[in-house]
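A short worksheet on the structure shown next.
Every number here is computed from the coordinates shown, using simple stated rules; none is lab data. This structure is a prediction, so every number in the text was calculated from the model and none was measured. All Cβ positions, even for glycine, are placed from backbone atoms using ideal geometry, and neighbour counts span all protein chains on display.
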Amino acid sequence: MAFPAQCFGRRARDEFGVEPSDAALATRQDRGSGLPRRTIRLSDVIEKLNMEVNAAFGNASISARLSELGASALPRSPTEFRRFIRKKNERYARDIRSAKIAAT
């Protein structure tokens, strides 16, 4: 859903230095992200970060320090990590519901 230029109005011009029509165009879903063509994609950043972190896990001094702290390295891909987190969230949500824990 695209936002009409009126949504941005004076605020876009005063706070961000862009005309309302430019701000609305940058949020349009049907015309791309509105970002420059050479903008780095988030998925590229995640892949690079994952590669570097997994390489660090292979470093003996980092592994030793993690052991000292009672932790262990679990190198995995972003997809595997997402699956791991989703599984943990489902488990904890089930435990919270069965214990009838509620926010106060």
- Gyration tensor over alpha-carbon atoms, region 42-98, equivalent ellipsoid semi-axes in Å: 26, 18, 7
- Message: If I model a spin label at Ile40 and Ala103 as a point 7 Å from the Cα along the Cα→Cβ vector, what separation in nanometres do I get?
- Response: 3.3
